[in-house]
1. So VAL10 passes all but one of these: (1) aliphatic (A, V, I, L, M); (2) outside any loop (DSSP other than H, G, I, E, B); (3) modelled with pLDDT under 95. Which condition number does it fail?
2. Only one of (1) more than 22 Å from SER4 (Cα to Cα); (2) part of a loop (DSSP other than H, G, I, E, B) is not met by ALA88, so which one is it?
3. Are any residues in region 21-52 touching a helix residue (DSSP H, G or I) at 6+ places or on another chain (Cβ under 9 Å) and either free of Cβ contacts under 8 Å to residues at least 60 places away in the same chain or surrounded by fewer than 15 Cβ atoms within 10 Å (Cβ to Cβ) (or both), and if so, which ones?
4. Among the residues that make up region 6-20, is at least one of them buried (at least 23 other Cβ atoms within 10 Å of the Cβ) and within 20 Å of ALA89 (Cβ to Cβ)?
5. State whether the residues of region 54-68 include one that is at pLDDT below 95 and either surrounded by fewer than 23 Cβ atoms within 10 Å (Cβ to Cβ) or farther than 20 Å from GLY6 by Cβ (or both).
6. Can you name the number of the only condition in (1) in contact with a Ser or Thr (Cβ under 8 Å, 6 or more places away or on another chain); (2) more than 24 Å from LEU2 (Cβ to Cβ) that ASP80 fails?
7. Does GLU36 count as more than 19 Å from SER4 (Cβ to Cβ), among the acidic types (Asp, Glu), part of a loop (DSSP other than H, G, I, E, B) and in contact with a Leu (Cβ under 9 Å, 6 or more places away or on another chain)?
8. For a quick check of your reading of the model, give me the residue pairs whose first member lies in region 2-19 and is without any contact (Cβ under 8 Å) to a residue 24 or more places away in the chain, whose second is surrounded by fewer than 10 Cβ atoms within 10 Å (Cβ to Cβ) and not small (Gly, Ala, Ser), with beta-carbon atoms closer than 8 Å and at least 6 apart or on different chains.
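The values are calculated or read from the model by the stated rules, or taken from the named source; none is laboratory data. In this text, all values refer to a predicted model and were calculated from it rather than measured experimentally. Cβ atoms come from the backbone with ideal geometry, glycine included; neighbour counts cover every protein chain shown.
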Amino acid sequence: MLLSGGETTVTVRGRGRGGRNLELLLALALALDGAEGIHALAADTDGIDGTEDAAGAVLGPATLARAKAEGLDPKERLRDNDAWPVFAAAGGLIRTGPTRTNVNDFRAIVIER
């Protein structure tokens, strides 16, 4: 398991939905391209990633396939800073609601043997 904390940065070029955690996960999903045995989570402790209603998301080997099955192009969504619909379609959004605490962003990547 790989763990990390702290806030990542995003260069906003598009007009999409989602925050830095969803953007990081979408980029990771594209890099992994459905690799078996790798799962990840990225979320913000305050319960809101960017301006959306999700704290973050989880991804697994089927994340991109699920989004594509719903008619989404994950590469295009990343170019438009629009990761939220990808994880909504894949069923990976984490919705905690506001937690009233803002400690940090948190990421975990699990690699199964």
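1. Among (1) aliphatic (A, V, I, L, M); (2) outside any loop (DSSP other than H, G, I, E, B); (3) modelled with pLDDT under 95, VAL10 violates only (2).
2. Just one mismatch for ALA88, condition (2).
3. Keep residues of region 21-52 that are touching a helix residue (DSSP H, G or I) at 6+ places or on another chain (Cβ under 9 Å), which gives 22-23, 25-27, 29-30, 32-34, 38, 40-44, 49-50, 52.
Passing the criteria: ALA27, ALA29, LEU30, LEU32, ASP33, GLY34, ASP49, GLY50, GLU52.
4. Step one: of region 6-20, the residues buried (at least 23 other Cβ atoms within 10 Å of the Cβ) are 18-19.
Filter once more, so that each one left must be within 20 Å of ALA89 (Cβ to Cβ): 18-19.
Yes; the residues of region 6-20 include at least one that is buried (at least 23 other Cβ atoms within 10 Å of the Cβ) and within 20 Å of ALA89 (Cβ to Cβ).
5. No, because not a single residue in region 54-68 is at pLDDT below 95 and either surrounded by fewer than 23 Cβ atoms within 10 Å (Cβ to Cβ) or farther than 20 Å from GLY6 by Cβ (or both).
6. (1)
7. Numbers: more than 19 Å from SER4 (Cβ to Cβ): yes; among the acidic types (Asp, Glu): yes; part of a loop (DSSP other than H, G, I, E, B): yes; in contact with a Leu (Cβ under 9 Å, 6 or more places away or on another chain): no.
Against the criterion (more than 19 Å from SER4 (Cβ to Cβ), among the acidic types (Asp, Glu), part of a loop (DSSP other than H, G, I, E, B) and in contact with a Leu (Cβ under 9 Å, 6 or more places away or on another chain)), GLU36 does not qualify.
8. none
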